[in-house]
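**Q** I have a structure here, written as structure tokens, and I will follow up with some questions on it.
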Amino acid sequence: MHRPLRILLADDNPEDRTVAARTLQGENNRVDTASLRDAADLAVGTRYDIIVLAVKPPAFEGIDAATAIRAGERLRDEEPAPVVAYSISQADDVRERCTLAGIDQFIVAPAGGRDLVDAVWKSADRRPAVLLADDSPHVRQLVTQQLRGICRVVTAPNGKAALEQFARQPIALVLLDMNMPVLDGFATASAIRQRSDGRLVPIVALTASEDEDARVRAAAAGCTTHVVKPVTGRILQSVVASALQLPALSPTSPDTVTPAPASREDVLIEVDPFMADLVPEYVTEKRRQVRDLKRSMASSDLSHVSRVAHELKGTGAAYGIPEVTRLGGALESAGHDGDAAAAAALVDELDDLLARVQEKLGA
């Protein structure tokens, strides 16, 4: 059974707006109505399953509304919502103009007509929304890629932004990094549990720590389960399928098998095919960060070293380079212990490792 839809309907004709809204409210859908001028503002506050715009002569204001909606989505780095436009007549170039404005489908139909209802029903985004809060852009990119085709991933760089996203749309599952700036995962989980719509949603704690204390704290904050980073695609998909009660998922790619390195010049890389395009960019960025760490070492800033090392530990194996995770964990420990000499040696080793990975990838 399909869940009810959240629909934004924008039409400057009040009578047409009422007729269309009444028709689209079938199946217990929630329909928010607005003028075309106000449509983009409503799309900021709520993420809709589908947006329906009137595109009528002579001014075709619905095209301008679609342009503004798409601009806002790009600004928020948000996956576009489906947009259907309708009109009772078709000017010569209106279909092309709709396409250029980012409208997914244009139909000639009256407000409330059967063709409009069918178009909305077929085009609406019914995927469950999974909210991922993590301050690492590489983790956000990685998880979005790992879960493509399974759900719609909504991302946030910290707990405050995650709560804002939670309020914008129905969230089926939360993946929560526990160590974030602004508002950490423990406080974020607690805040979600205090909301009436957040009491039952599954919350998965993501942490690079295997410490039992971290599990206990996460559970006390309201997390339903705990996963240790780095998280492979297979494990993440299994966790998501279980939490959302989806059928057992086939892996998005076959297991990769790479022999252990035979020498120092060799390096172990286990990259799933669907991740191949992301790895060179990741390695380039991590090498830049490691070189920045050398400058931090010169100024004895071990707190910065620990923060970067924590991110390396949590992402290396997930990007197919388990040695980055191992060295990141060792570097994080050296930073916490204030062992500058050990940290400096590990930074050099990481730089050398990433250089060899770049060479092997041809990046």
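**Q** Where does the charge balance sit around Thr18 when Lys and Arg score +1, Asp and Glu -1, over other residues with C-beta under 14 Å from its C-beta?
**A** -3
**Q** Report the Cα centroid-to-centroid distance between segment 27-105 and segment 204-222 in angstrom, as an integer.
**A** 42
**Q** Quick one: which residues, 5+ away or cross-chain, put their amide H under 5 Å from the amide H of Val154? H built at 1.01 Å from N.
**A** Under 5 Å from the amide H of Val154 lie the amide H atoms of Val130, Leu131, Leu132, each far enough along the sequence or on another chain.
**Q** Report the charge-dipole magnitude of segment 37-188 in Debye, nearest 20, computed about the Cα centre from +1 at each Lys and Arg Cβ and -1 at each Asp and Glu Cβ.
**A** Values: 17 positive and 21 negative charges, 54 e Å.
Dipole of segment 37-188, to the nearest 20 debye: 260 debye.
**Q** What number of lysine-lysine pairs in the chain show an alpha-carbon separation below 16 angstrom, given a sequence spacing of 8 or more or placement on distinct chains?
**A** Total qualifying Lys-Lys pairs in the chain comes to 4.
**Q** Another one. I want to verify the translational diffusion coefficient of segment 1-110 in µm²/s; compute it with Stokes-Einstein, Rh as the Kirkwood radius over Cα pairs, at 25 °C and 0.890 mPa s.
**A** Estimated via Stokes-Einstein, D reaches 177 µm²/s.
**Q** Please tell me the relative contact order of segment 273-361 in percent, rounded to the nearest whole number, where contacts are Cα pairs under 8 Å and at least six residues apart.
**A** 33
**Q** Let me ask another. Multiplying the sequence separation of Asp211 and Arg148 by 0.36 nm and subtracting their Cα-Cα distance, what value in nm do you get?
**A** Values: separation 63, 0.36 × 63 = 22.68 nm, distance 3.05 nm.
Difference between extended and current length: 19.6 nm.
**Q** Okay, next question. Relative contact order of the chain, please, whole-number percent, based on alpha carbon pairs below 8 angstrom and at least 6 residues apart.
**A** After rounding, I find 10 percent.
**Q** To the nearest 0.05, what FRET efficiency results for Asp339 and Ala219 with a Förster distance of 35 Å applied to their C-beta separation?
**A** The pair Asp339/Ala219 has a calculated efficiency of 0.60.
**Q** Next up: Just going by the charge dipole of the chain, with Lys and Arg at +1 and Asp and Glu at -1 on Cβ, which of Ala340, Ala91, Ala109 is farthest out on the positive end?
**A** Result: Ala109.
**Q** Counting Lys and Arg as +1 and Asp and Glu as -1, each charge on the Cβ, what is the dipole of segment 273-361 about the Cα centre in debye, to the nearest 20?
**A** 120
**Q** Find out how many positive minus negative residues lie around Gln90, taking Lys and Arg as positive, Asp and Glu as negative, among other residues whose Cβ is under 12 Å from that of Gln90. Mind dumping the intermediate values first?
**A** Details: positive: Lys56, Arg95, Arg97; negative: Asp92, Asp93, Glu96.
Once all neighbours under 12 Å are counted, the net charge is 0.
**Q** Can you pull the semi-axes for the chain, root of five times each eigenvalue of the Cα gyration tensor, sorted largest first, whole Å?
**A** Value: 45, 22, 19 Å, ordered largest first.
**Q** Given Cβ point charges of +1 (Lys, Arg) and -1 (Asp, Glu) and nothing else, what value in debye, to the nearest 20, does the dipole of the chain about its Cα centre take?
**A** Values: 41 positive and 52 negative charges, 160 e Å.
Taking the Cα centre of the chain as origin, the dipole is about 760 debye.
**Q** Mind giving me the FRET efficiency for Thr99 and Thr18? R0 is 25 Å, r the Cβ-Cβ distance, nearest 0.05 is fine.
**A** So the FRET efficiency works out to roughly 0.30.
**Q** With a ≥ b ≥ c taken as the square roots of the eigenvalues of the C-alpha gyration tensor of segment 1-40, please select rounded if a/c is under 1.5 and otherwise prolate if a/b is larger than b/c or oblate if it is not?
**A** oblate
**Q** Above 23 Å lies some portion of the pair distances; for segment 129-244, what is it as a whole percent of all C-alpha pairs?
**A** On the way: 1141 of 6670 pairs.
So the portion of pairs separated by more than 23 Å is 17 percent.
**Q** Can you give the FRET efficiency to the nearest 0.05 for His304 and Glu270, using r as the Cβ-Cβ distance and R₀ = 25 Å?
**A** Once rounded, the FRET efficiency stands at 0.30.
**Q** In addition: What nm distance separates the two modelled labels at Ser35 and Glu359, each placed 7 Å from Cα along Cα→Cβ?
**A** Each label point lies 7 Å from its Cα, and together they span 6.6 nm.
**Q** If I require 18 Å or longer along the helix axis, counting alpha carbons, and a Kyte-Doolittle average no lower than 0.0, what helices from the chain are left? Use full DSSP H segments. Don't jump to the answer; show the numbers that get you there.
**A** Values: long enough: 61-75 (21 Å, -0.07); 279-298 (29 Å, -1.21); 302-315 (20 Å, -0.23); 322-337 (23 Å, -0.44); 340-361 (31 Å, 0.48).
What comes out of the filter, once short or polar helices are dropped, is 340-361.
Laboratory data are not the source of any read-out in this text; all were calculated from the coordinates shown. Just so you know, these numbers come straight off a predicted model, no measurement behind them. Note that we place each Cβ from the backbone using ideal geometry, even for glycine, and neighbour counts take in every protein chain shown.
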